[in-house]
Amino acid sequence: MKSGEIIQGRHLRSHIDESYDVAVVGSGAGGAVVAGLLAEAGKRVVVLEEGPHYTPEEIAQFRPTESMRRMWREAGLQAAMGVGKTPVIGVIAGRNVGGSSVHTGGVCFRVPSEIHDEWSGRLGLKQLGEQALESAYQAVEKRVQVSETPVHLRSESTQRFVEGAAKLGIPMEPTRRNMSGCEGNARCNFGCPKQAKLSVDLSYLPGFLAKGGTVISDALVEKVVFQGTQAVGVQGHLLNGPLGAAGNLLQIRAKQVIVACGTLHTPVLLHASGIRSEHLGRHVTLHPSTRVSALFDEATKGWDGALQSVYSNHFFASDGITLVGAYSTVNILAASVPGAGPAFRRRVRDLGKLGVFGGLVHDEGGGVVKPGPFGQREPILWYRMDPRDFERVKKTISVLAEIALEAGAKEVFAPVFGLPSLKSRQEIRNFQNSPLDPRRVECVAFHPLGSARMGRSKKEGVTDEFGQVFGTQGLFVADGSVFPTSIGVNSQVPIMAMATRIAWHLSDN
Ligand SMILES: Cc1cc2nc3c(=O)[nH]c(=O)nc-3n(C[C@H](O)[C@H](O)[C@H](O)COP(=O)(O)OP(=O)(O)OC[C@H]3O[C@@H](n4cnc5c(N)ncnc54)[C@H](O)[C@@H]3O)c2cc1C
């Protein structure tokens, strides 16, 4: 097998049976970082990615819906099944070389200090304190060129968001993003057409390949192979059969295996490999996210500017809410506008006058992910929303609606089916104070975390503080699944920093 290349498994016509120092499963924010750093440390590393590989030039040509079908897992139609009083929450993830990193809005946060303190204090995970991760944060932020979003990249929609918030005494800050040369095309979630977003396929994988690393796309890993408790490789199939079905066998021998399949798939692979833990697949947090759209008299042209250029943590300490500037390309936005027939036609004519404002909630770990019951590839995710978190979702919607009215919106469309548009403070208060069927509320999750959490011992978690799976040798996890709690902010930099620490630990030992 050639090194220094991305090999498209779907075009291969034979079995793969190879040996490496390290096999990394998954090429997203966690996997690409750990692979890149281990290759730089002189290891022979292979990255196995279930999804396809597209070049930046190809991605730049995809229209949003095409990007979703080709690169979003299940075309973006996966959802967490709500248990009890819980909205059905759409869960979006990437399935391609670069993983979800290719689809981020580029927003970069570190884990808030109070969460680090909780990890190192209440949970006793001393290695997860802010100081312990400082140099890893710095290394990541330098590599992906995190910088403040300039004011000139704010769309009119975002400008309204800032002005309305200011009138309510809510300060907004510029986001920091992993961008270089952003033009403000507002379509980050479908892959940056200018390659300005330094997702891991552009920031870590090129260096990885230059060091002789190998990436095999369309390579589904089905189990980790052990000799006793020592991981010695992985097995699976190339997805080179008809219509992407499993075809040729994939067998990799490796001294170390690093699982980085993301929060929904890492527990499934570990379970299929015989790992048993009461915590495996549990404690999944989602950061339920919501948004309002608001109709203004004049054009807001949300497409003309950076997708997410401002945020506010004004409500973080009191309510666990982070407000973030948002937008959605017009073709997607049109699908979320209320009404049918003539009412819809009227509203669609006004798409250019819609502002879109968003927010996300720091949630309790109410999710459980399990392998699909009929042997299907995709796992099942249940999520029970804590009543406190549902109130936070409602509060987020109310605050966003108030901001919109203060900014001069004529009416606000809340993401609640059947709710008429909100036109006054009183209507927002009524919404906030009335009982609400959670099933009517639209929520989406972009940051699932926590299904193979770190702990001090097997009693508390699935892995130790360096990602090593308890009870095994040579098996590590380096992705969003290891987070002990929700973090309340966007997760890519924290995951990359955690993966950096794990890679440094492995190369030092
Ligand atoms: C639309 C969207 C917008 C986002 N915006 C932001 C943002 O602005 N800022 C931010 O900080 N975060 C954002 N995020 C979240 C961020 O992208 C994720 O937190 C992060 O990428 C997760 O990293 P990961 O390594 O855990 O998983 P992923 O990056 O999802 O990578 C996992 C990879 O493993 C592969 N895989 C799974 N199972 C197997 C298997 N069995 N064999 C082989 N390969 C497998 C998957 O196909 C996938 O490519 C966003 C996410 C999405 C989807």
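The values are calculated or read from the model by the stated rules, or taken from the named source; none is laboratory data. A quick note: this is a predicted structure, and the numbers were derived from the prediction, not measured. Every residue, glycine among them, receives a Cβ derived from its backbone with ideal geometry; neighbour counts consider all protein chains shown. All accessible areas refer to the heavy atoms of the entire protein, side chains included, with ligands and DNA or RNA removed. Shrake-Rupley method; radii C 1.70, N 1.55, O 1.52, S 1.80 Å.
Restricting S451, S486, S457 to those that are of a type in the set (G, A, S), touching a helix residue (DSSP H, G or I) at 6+ places or on another chain (Cβ under 7 Å) and within 30 Å of L128 (Cα to Cα) reduces the list to S451.
Being touching a Phe, Trp or Tyr at 6+ places or on another chain (Cβ under 7 Å) and within 21 Å of L270 (Cα to Cα) is a description that does not apply to A23. Here the helices (runs of 4 or more DSSP H) wholly within the stretch 292-396 that include at least 1 residues being modelled with pLDDT of 95 or more and of a type in the set (A, V, I, L, M, F, W, C) are 316-319. For the stretch 124-162, taking the residues that are in contact with a helix residue (DSSP H, G or I) (Cβ under 8 Å, 6 or more places away or on another chain) and closer than 15 Å to V310 by Cβ, the one that is least open to solvent (accessible area, probe 1.4 Å) is identified as F161. Selection of the stretch 88-104 for residues being open to solvent by 10 Å² or more (accessible area, probe 1.4 Å) and under 19 Å from T290 (Cβ atoms) yields V88, G90, I92, A93, H103, T104.
The criterion of at least 1 residues that are open to solvent by 60 Å² or more (accessible area, probe 1.4 Å), in contact with a strand residue (DSSP E or B) (Cβ under 7 Å, 6 or more places away or on another chain) and within 30 Å of R501 (Cβ to Cβ) is met by none of the strands (runs of 3 or more DSSP E) falling completely within the stretch 1-87.
For every residue, the table says whether it meets (1) touching a residue at least 12 places away in the same chain (Cβ under 8 Å); (2) farther than 20 Å from L48 by Cβ; (3) touching a His at 6+ places or on another chain (Cβ under 7 Å).
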position: N189; (1), (2), (3): yes, yes, yes
position: A196; (1), (2), (3): yes, yes, no
position: D201; (1), (2), (3): yes, no, no
position: G207; (1), (2), (3): yes, no, no
position: A210; (1), (2), (3): yes, no, no
position: G213; (1), (2), (3): yes, no, no
position: V221; (1), (2), (3): yes, no, no
position: V224; (1), (2), (3): yes, no, no
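Step by step: first the residues of the stretch 90-107, then only those that are more than 6 Å from the ligand (Cβ to nearest atom) and among the hydrophobic types (A, V, I, L, M, F, W, C), then the one that is farthest from the chain's Cα centre (by Cα). Which residue is that? Residue satisfying both the conditions and the ranking: V97. Of all residues in the stretch 481-509, those that are at positive phi have Cβ atoms under 6 Å from Cβ atoms of residues that are more than 9 Å from the ligand (Cβ to nearest atom) and open to solvent by 10 Å² or more (accessible area, probe 1.4 Å), 6 or more apart or on another chain, in G488/H362.
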